[in-house]
């Protein structure tokens, strides 16, 4: 009977550690799944941008520099998104993606400001439809980003709580990084006007 008590304690400890391990796995997979939702919407936006540029080319031929900047920023953001998708939550990948998205947002804001000065382009049905699709996609990205950040917060809180924190790093559960846009003005989606 005396040898059963230490054995029972070991079994209880192993079961407890296994349950905490499984909880961390489930939370990690949750934030990874949430990132895949962001990934889908970012790819949708990246696919819309060349159509915007093509539509604008005919009207904004002397704004070539701006159009090229939009394409370049889109390509950089797409590359950063691909790297982040291969390792969601990685601080380096998420920082790179956040920076690329901030840059793309700034370039798109300048692009849409220029569109305002071209009444024929603004009135183009194709441009209006693309702007509407982009605005809808921006909203989806925002919701997906919030869900991802909520999942990361729950994972990080569980990972840092006692006694889980005693073995989380041992089993390879590092902290996950939020997907944030740090400058308040850039947190808003690009302004799209249908006037």
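Side notes on the structure shown:
- Fewest-first ranking of 4, 42, 24, using other Cβ atoms within 10 Å as the exposure measure: 4, 24, 42
- Separation of the residue 118 and residue 47 label points, Cα + 7 Å toward Cβ, nm: 2.4
- Take the Cα of residue 125, step 7 Å toward its Cβ, do the same at residue 12, and the gap between the two points is 7.4 nm.
- Using a simple spin-label model with pseudo-atoms 7 Å out from Cα toward Cβ, residue 68 and residue 132 lie 3.4 nm apart.
- Angle in degrees between helix 4-57 and the longest Cα principal axis of the chain, rounded to the nearest 10: 0
- For residue 5 and residue 178, a Förster radius of 41 Å and the Cβ-Cβ distance give a FRET efficiency of 0.35, rounded to the nearest 0.05.
- Helix 64-86 and the long axis of the chain differ in direction by around 10°, with both axes built from C-alpha atoms.
- A Förster radius of 22 Å, combined with the Cβ-Cβ distance separating residue 57 from residue 79, puts the computed FRET efficiency at roughly 0.40.
- Full extension of the chain between residue 110 and residue 86 yields a length gain of 5.6 nm, computed as 0.36 nm times the residue separation minus the alpha carbon distance.
- 78, 20 arranged by Cβ crowding within 10 Å, fewest neighbours leading: 78, 20
- Remark: 171, 111, 179 ranked as 171, 111, 179, counting other beta-carbon atoms within 10 Å and listing the fewest first.
- Residue-averaged 222 nm ellipticity for the chain, from DSSP H runs of 4+ at -39500 (n - 2.57), nearest 500: -27000 deg cm²/dmol
- Between helix 91-116 and the chain: long-axis angle, C-alpha atoms, 0 to 90°, nearest 10: 20
Read-outs throughout are calculated quantities, based only on the coordinates presented, and are distinct from any laboratory measurement. If you're wondering where the values come from, they're calculated on a predicted model, not measured in any experiment. Neighbour counts are summed over all protein chains in view; Cβ atoms, including those assigned to glycine, are modelled from backbone coordinates with ideal geometry.
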